[in-house]
1. How far apart, in nm, are two points set 7 Å out from the Cα along the Cα-to-Cβ line at residue 130 and at residue 59?
2. Do the sum for the chain: with -39,500 (n - 2.57) for every DSSP H run of n ≥ 4, divided by all residues, what is the mean residue ellipticity at 222 nm, to the nearest 500 deg cm²/dmol?
3. Which FRET efficiency value, to the nearest 0.05, is calculated for residue 75 and residue 153 with the Förster distance at 25 angstrom and r the Cβ-Cβ distance?
4. What's the extension gain from residue 196 to residue 220 if we count 0.36 nm per residue and subtract their Cα-Cα distance?
5. Does the range 139-204 classify as rounded, prolate or oblate by the C-alpha gyration tensor (a ≥ b ≥ c root eigenvalues; a/c under 1.5 gives rounded; else a/b over b/c gives prolate, otherwise oblate)?
6. Treating the angle as unsigned and between 0 and 90°, give the value, to the nearest 10°, between the Cα long axis of helix 68-87 and the longest Cα principal axis of the chain.
7. Compute the relative contact order of the range 2-237 as a whole-number percentage, counting only Cα pairs closer than 8 Å that sit 6 or more residues apart in sequence.
8. On C-alpha positions alone, give me the angle between the axis of helix 26-35 and the longest principal axis of the chain, in degrees, nearest 10.
């Protein structure tokens, strides 16, 4: 009983730490890189974000040593997200990354979803091209992975195709699309204006629609078999 209480307290601290990092420290870090480093040190900012993502994940193992199989499954999910993005390189915005990140968060918790999202964004851009947009993409993927873990744990996000597809579609369009459009304006325009922001959203609307459709499509196809197999792996090996 006491061990379960300690585990719950550890998870709550990890989730709180992730939330602080994601909603305060990471945005400040990205803006610092933009306005004080002239958006030229994006590798450095991306590396900081990977470190931020690792901190709450490492806190999960506060009272014990991590087992290799617990780390391997997160690495595999990150690799699947990267490979999935690369496999559909010929179809702009039609990528399964967010679907994989949502599944990771739902199965292994908010911290793992955040970590898989951040790593997938960074590593996949080694193939698609690094730039000042990389930290923003890592941030967006991480947020969605974090929220999927939190909502799944609270029972708001259900283990059904309908629930996962609705969450995936809304988070892709409003969270990823909403933030990336703002970042595009900040990166490529010399100054901010509401008219330019509106134009950015209008021009990016169909890209966001395609990305949303891709997330819903992949969640509908792969969510149930992947979650079923990941839950069996968790039960068999006593993972996180």
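1. 2.8
2. Values: 10 runs with 185 residues, N = 240.
Computed ellipticity for the chain at 222 nm equals -26000 deg cm²/dmol.
3. Working: r = 22 Å, r/R0 = 0.90.
So the FRET efficiency works out to roughly 0.65.
4. Values: separation 24, 0.36 × 24 = 8.64 nm, distance 3.54 nm.
My answer for the length gained is 5.1 nm.
5. On the way: a/c = 4.19, a/b = 2.55, b/c = 1.64.
Cα axes put the range 139-204 in the prolate bin.
6. Tilt of helix 68-87: around 30 degrees.
7. For the range 2-237, the relative contact order is 20 percent.
8. In the chain, helix 26-35 runs at an angle near 20 degrees to the longest axis.
Values in this text are rule-based calculations from the coordinates and carry no lab data. Computed from a predicted structure; not experimentally measured. Note: ideal-geometry Cβ built from the backbone for every residue, glycine included; neighbour counts use all protein chains shown.
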